[in-house]
Amino acid sequence: MTMLDPVLLFFLLGLTAGLLRSELRLPAAVYDLISMLLLLAIGLKGGVELAKQPFSALAWQTLAVMGMGSLLALLAFGVLRFVGRLPRADAASIAAHYGSVSVATYAVGVDYFTNRQIDFEAQMPLLLAVLEIPAILVGILLARGLSRDMRLGVVAREVFLGKGIVLLVGGLLIGWIAGPEELAPITPLFFDLFKGILALFLLEMGLITAAQFGSLRRYGLFLVLFGICMPLISSTVGIAVGLGLGMSLGGTAMLGILAASASYIAVPAAMRISVPEANPTLSLAAALGVTFPFNVLVGIPIYHAMATHAFELTGGLGP
Amino acid sequence: MTMLDPVLLFFLLGLTAGLLRSELRLPAAVYDLISMLLLLAIGLKGGVELAKQPFSALAWQTLAVMGMGSLLALLAFGVLRFVGRLPRADAASIAAHYGSVSVATYAVGVDYFTNRQIDFEAQMPLLLAVLEIPAILVGILLARGLSRDMRLGVVAREVFLGKGIVLLVGGLLIGWIAGPEELAPITPLFFDLFKGILALFLLEMGLITAAQFGSLRRYGLFLVLFGICMPLISSTVGIAVGLGLGMSLGGTAMLGILAASASYIAVPAAMRISVPEANPTLSLAAALGVTFPFNVLVGIPIYHAMATHAFELTGGLGP
Amino acid sequence: MTMLDPVLLFFLLGLTAGLLRSELRLPAAVYDLISMLLLLAIGLKGGVELAKQPFSALAWQTLAVMGMGSLLALLAFGVLRFVGRLPRADAASIAAHYGSVSVATYAVGVDYFTNRQIDFEAQMPLLLAVLEIPAILVGILLARGLSRDMRLGVVAREVFLGKGIVLLVGGLLIGWIAGPEELAPITPLFFDLFKGILALFLLEMGLITAAQFGSLRRYGLFLVLFGICMPLISSTVGIAVGLGLGMSLGGTAMLGILAASASYIAVPAAMRISVPEANPTLSLAAALGVTFPFNVLVGIPIYHAMATHAFELTGGLGP
Amino acid sequence: MNSTTRKLLTVITESALERTLVEDIERLGAHGYTITDARGKGHRGLRSAAWDESGNIRIEVVCDDVTARAIADHLQARYYEHYGMILFVSEVAVLRPEKFG
Amino acid sequence: MNSTTRKLLTVITESALERTLVEDIERLGAHGYTITDARGKGHRGLRSAAWDESGNIRIEVVCDDVTARAIADHLQARYYEHYGMILFVSEVAVLRPEKFG
Amino acid sequence: MNSTTRKLLTVITESALERTLVEDIERLGAHGYTITDARGKGHRGLRSAAWDESGNIRIEVVCDDVTARAIADHLQARYYEHYGMILFVSEVAVLRPEKFG
Ligand SMILES: Nc1ncnc2c1ncn2[C@@H]1O[C@H](COP(=O)(O)O)[C@@H](O)[C@H]1O
Ligand SMILES: Nc1ncnc2c1ncn2[C@@H]1O[C@H](COP(=O)(O)O)[C@@H](O)[C@H]1O
Ligand SMILES: Nc1ncnc2c1ncn2[C@@H]1O[C@H](COP(=O)(O)O)[C@@H](O)[C@H]1O
Ligand code: NA
Ligand code: NA
Ligand code: NA
């Protein structure tokens, strides 16, 4: 049933075309346009929802979620360094990817829950934006310690002013300020086309994922195992945090998905500049070649089931 | 009446702008995006329709249509080589273009029949994809004979894994697997925008067509005559095949349109690699500079009338 | 209230991101696509409206508006040369920009009046196209006098066959010939998405505007003052012309907006070729860095108020 | 590799000049040219390619010494003063010298 | 700057050849290559890049003399006759000569 | 054609470095630079430009010998070890030598 979702079928089409070494590829300009539209749409939708309700708990949730991102990065580092025996820089860089989040995975999650008419908290896009940041800082600290020149200014600019956060937060603010009525005339572009654009995006993600398989073969089994087990662990943490924050079932599962996802845009760019000695191929191969397909194809329903189960056990904890 | 169709007006606008040497041109990335959307949309729509009905006759029709493509290429080769006295390689290459099909012409045909609420068989997009292939092989055989190194592997990859077939067949499969309900949320992008995107595409086609007129002047009258007469002959063959296969009026006329159309994307690329000594300017000038505008501006209504007439005469033959 | 319009919020987002030197930028191909869609949409909508009504007064209005464009260029030249003491070529070039029009400003105006359900004359897009031309000729004459080789042929080609006019006039003709019914199937792309696309466009305009601020700082206060005062003067002229032509309130205010706006696409290109000794940075800094943001953020409501006031005073003059 | 040397003339200038320059270059005797889109910075400030007209183009012409000189002189006389433009020439070995005049 | 000279081989040809040429170049011993998209005009007429296949690519390979010669010979023998293609070689000083074989 | 020779320094490297490198290059005394987008392959594998950050840029700087040396040394010291980067220098004849310092 899930596998009938055309969005996933587009991903499989891209993956197949890529593995068969087809000529198919999206021009970089089109990839840029599509990812901009997705980021803005996610932000706008979140902003409209936020405007509808009081958000007293927001600051608290933001903090909790930042803590979660840091924790996940530390956890991943431990595994990579001490089980995988990777060099310090590589372990730190990959850890930063897994402590952060993937917007594409989030978008597939939104689609999954929309199809099933399951609601989730309006602040999710904000938490998505917030989660991009702490893992990057933790990753840099792990690689460098506190001692040396960290070029933190450059990194901060890279992160806060990177395309991802600007569009996500910009969309949130615009949606929040303008409200649903003022926004109505731009919904045909940003909301009605959303799923079609997501389909195109996943077609390209399939092509990109296929291109990672070569590096995977070179770096072996450990990365593959890590790329599958880490999101299973992270999602558990995410679901626990969601429960702890008293979120709805949808919100808790979404937090599980966010925790399970690994960044492949903001973090690679930031790591390239602040931890250049880390091999970028390793983290991309794990995040894009293993974890992304795992999450969108089989992970999301699993995290949904885990959250449902946790809810049945606890009845929702909450503060 | 036909000439009021905005899609054709966009074509004329592009043609005029091109002939006046305007600055107007679409960036290559935009052309890519637009043609991707068209191919996917045609495939998806066909796939959804296919899923609705049993398709026992499909294998048989596929074979018949492949035969037709080969026959048309042979026919064109005869005319080009023995009437036009073109060098063997050039005759073979142009013949391959005319045995194959043009997606843009097909899309204008879809638009034409949709405007007139005339139905046609759901498998048309499949036949469109299938028709791209045999003429290429015939063209190569005609140029090379069976003796020499044909690089068939490279050519097969070029054809089967070329953008056109991957997107068309990929769309078909996705539409077929997902079905109309699962597809509903992506229709705003792929179906509602279809005609607008086709309009943009034809604007660009007009610009490209205009750019071919220079080469036409150089290669003279024979190419122009060929570019007009060949589709008239081919469409007759196509309509006969449609009748023979027992297709509906719409389907028969569509097969006439497909037969009449000449490829300008998949075949040029394949011929460039497998028959490099053929002059690519010749085939593009004929296919794009003469046959494409002829088909979309005056051919389609003619083929429709021919099919109607044939139906009146025979009452539909069919197996 | 106005400031809640998401289109303006997108502009502010772009401006902020640009000033903070964010990584955000639209690929040139996307900018091209978006501006093409806007120009075509404006033309199509105008053409459909034109077709609905007799247009006896059209030739007369066209002439009056061309006179207005020339007058505004002369006026601007006077101020720049004798108050600002700019070199002749620079004054002439900037004057040409201000005698001409900005499609982006016009589009924001359309949005403003659509939001308020205020009608304006159907021929507005035609006047928009017409207004691009006379100021360019005046600018060249002012820079060169009548004596020297003016390369008028090259300039005319540049202007009449430039992207802007071809798409605008092409859209008008297509809309006019096809009529609303034939156009219906392409409205999802050109009309329903209009405001969303305008939002994206203004995001990019914000980024471009921010990039002009550096030059502004260099060229000082006079340009800033000119960039704010000139549209206030021009809009008065535009509103007077609108009244004189007996236009509706919406049309009169729109003519005020057109008069107030300064070109930043057609004119820069034409001036670069015909008055190369003029510094293009100056005119772009004024038109994009000052006048455009002034017009869209505060000017349009002012011109609307001015037109309303004028209407109250005169009750509409007209011939 | 049976080669001779020719000149490779590279011009970097404003996109707006593409059409005119190409006509000039052909008229002055070049047998071909290659253009790529570029962005950059020079004495006339940043040219960011944020939109079409605000970018640069990079034109390469392989030709004989005389043609290179003629084009360079013409561009210098006609455009150098008022347009963002740089121009440099290097020696290259070519395979089919007859292709480049 | 501890430098040695190597050859810079530049090939301008039809986009359709990208995949094949890249395989050839690697097989003939180059340690890397760089590709940019281009448009242009030559003996085979205008290549406008209006759509993907109608454009050119510009391939650069930095390598030693022998490899440059091998690639140039191969391209000349295999493609020169039937494809739009030009090819030129210049001397460049490189920093880490070992990177380029 | 009243010309003098200058150095043409070409750097091919990861797109992610654009902003930083441009700052470095200006600081080290270059009067200008030109950038084109590229893709390619080298010791650090394929850089396909499938999306923005995964592509290369090709930076050209025309400058005097000392500046070229300074930039090359700086890039080698600062980036060569950890980034995909190659760098080569050739001699070019320029028209207005004062433009290039
Ligand atoms: N020293 C330089 N090295 C490389 N490219 C340059 C240099 N100076 C200028 N350019 C390029 O040439 C264009 C025009 O230069 P300019 O006329 O100095 O503004 C710039 O936008 C750059 O792309
Ligand atoms: N003399 C030349 N200088 C620079 N580029 C050239 C030259 N001749 C040809 N080209 C380029 O090489 C491509 C193929 O050349 P040709 O095989 O002569 O058609 C052309 O499309 C141009 O991009
Ligand atoms: N031998 C070469 N010739 C031309 N370009 C190269 C060469 N080696 C590397 N490159 C380019 O420089 C980039 C970085 O090289 P590398 O550091 O070797 O991975 C590659 O992606 C290529 O675009
Ligand atoms: Na995560
Ligand atoms: Na055919
Ligand atoms: Na004006």
field: Average beta carbon contacts from partner chains per residue of C:113-125, 10 Å cutoff
entry: 0
- request: Please work out the Cα center distance from segment A:152-219 to segment F:1-28, rounded to the nearest Å.
  value: 32 Å
- request: Grab the other residues whose beta carbon is less than 12 angstrom from that of A:LEU4, score K and R as +1, D and E as -1, and report the net.
  value: -3
message: For the interface of chains D and C, what total accessible area is buried with a 1.4 Å probe, rounded to the nearest 100 Å²?
response: 1400 Å²
field: Between helix D:18-27 and chain D: long-axis angle, C-alpha atoms, 0 to 90°, nearest 10
entry: 30 degrees
field: Pseudo-label separations to other copies for A:VAL298 - Cα-to-Cβ vector, 7 Å, nm
entry: 6.2, 6.2
message: Stokes-Einstein diffusion coefficient for segment B:194-316 at 37 °C in a medium of 0.692 mPa s, Rh from the Kirkwood formula over Cα pairs: what value in µm²/s?
response: 212 µm²/s
- line: re chain E: pairs of Cα atoms spaced beyond 25 Å account for a percent value of 21 percent
message: So the label point goes 7 Å from the Cα of B:ILE233 along Cα→C-beta, right? Which residues of segment B:99-136 then have their backbone N under 16 Å from it?
response: B:99-100
message: I need the inter-copy label distances for A:GLY67: point set 7 Å along Cα to C-beta, values in nm with one decimal, smallest first.
response: 7.6, 7.6
query: Expressed as a whole number of Å, what is the distance separating the alpha-carbon centroids of segment C:83-135 and segment E:62-101?
result: 54 Å
query: Taking the Cα-to-Cβ direction at C:GLN117 and at F:GLN76 and moving 7 Å from each Cα, how far apart do the two end points lie in nm?
result: 7.4 nm
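Kindly state, to the nearest 0.05, the FRET efficiency for F:LEU46 paired with B:LEU161, given R0 = 22 Å and r defined as their beta-carbon distance.
Efficiency, from the Cβ-Cβ distance: 0.75.
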query: Which distances in nm, rounded to one decimal and ordered from shortest, link the label point of F:VAL66 to the equivalent label points in the other identical copies, with labels set 7 Å from Cα toward Cβ?
result: 4.1, 4.1
query: Can you name the residue in chain B whose Cβ lies closest to the B-to-C rotation axis, and give that gap in whole Å?
result: B:ALA29, 2
field: Integer Hz, Karplus 6.51/-1.76/1.60 couplings in order for segment A:253-270, x for Gly and Pro
entry: 5, 4, 5, x, 5, 4, 4, 6, 7, 10, 5, 9, 10, 5, 5, x, 4, 5
- request: Take each of the peptides C:135-142, C:261-268, average the number of other beta-carbon atoms within 10 Å over its residues, and list them starting from the highest.
  value: C:261-268, C:135-142
field: In order through segment A:125-131: 3J(HN,Hα) via Karplus (6.51 cos²θ - 1.76 cosθ + 1.60), integer Hz, x for Gly, Pro
entry: x, 5, 5, 4, 5, 4, 5
message: With every protein chain kept in place and ligands, DNA and RNA left out, what is the accessible area per residue of chain D? Probe 1.4 Å, answer in Å².
response: 37 Å²
task: State the percentage of accessible surface on chain D attributable to carbon and sulfur atoms; use a 1.4 Å probe and exclude ligands, DNA and RNA.
output: 49 percent
task: Assign one of three labels to segment B:141-234, namely rounded, prolate or oblate, based on the Cα gyration tensor with a ≥ b ≥ c the square roots of its eigenvalues; rounded applies when a/c is under 1.5, prolate when it is not and a/b is larger than b/c, and oblate otherwise.
output: oblate
message: Among the listed pairs B:LYS45/C:LYS195; A:LYS163/A:LYS195; D:LYS41/D:LYS99; E:LYS99/F:LYS41; E:LYS7/E:LYS99; B:LYS45/B:LYS195, which have their C-alpha atoms separated by more than 23 angstrom in this model?
response: B:LYS45/C:LYS195; D:LYS41/D:LYS99
statement: Straight-line reach check, A:LYS52, cutoff 16 Å on alpha carbons, 8 or more apart in-chain or any other chain, hits among aspartates and glutamates -> A:ASP119, A:GLU121, A:GLU181, A:GLU182
message: List the residues, sorted by chain then number, that are 5 or more residues from C:ALA262 or on another chain and whose placed amide H is less than 5 Å from its amide H.
response: C:SER102
- request: Using the 2.2 N^0.38 Å rule of thumb for compact globular proteins, work out how the protein assembly as shown stacks up: its C-alpha Rg over that value, please.
  value: 0.93
query: Starting at 0 and stepping by 10 Å, how many percent of the alpha carbon pairs of segment B:26-314 end up in each bin?
result: 7, 30, 37, 21, 4, 0
- request: Taking chain F as the reference, fit the longest principal axis to its C-alpha atoms, fit the long axis of helix F:65-78 to the helix C-alpha atoms, and give the angle between the two in degrees, 0 to 90, nearest 10.
  value: 20 degrees
message: I need the phi-derived Karplus couplings for segment C:199-214: 6.51 cos²θ - 1.76 cosθ + 1.60, θ = phi - 60°, integer Hz, Gly and Pro marked x.
response: 4, 4, 4, 6, 4, 5, 4, x, 4, 5, 4, 4, 5, 7, 4, x
Carbon plus sulfur fraction of accessible area for chain A, probe 1.4 Å, in percent: 68 percent
Share of pairwise Cα separations in segment B:25-164, more than 20 Å, in percent: 57 percent
query: Say each of B:ILE302 and B:LEU20 gets a label point 7 Å from the Cα, pointing the same way as Cα to Cβ; how far apart are those two points in nm?
result: 2.9 nm
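The values are calculated or read from the model by the stated rules, or taken from the named source; none is laboratory data. Computed from a prediction, not measured in an experiment: that's the story for all the values here. Cβ: placed from backbone, ideal geometry, glycine included. Neighbour counts: every protein chain shown. What goes into the accessible areas is simple: the full protein's heavy atoms, side chains included, and nothing from ligands, DNA or RNA. Shrake-Rupley method; radii C 1.70, N 1.55, O 1.52, S 1.80 Å.
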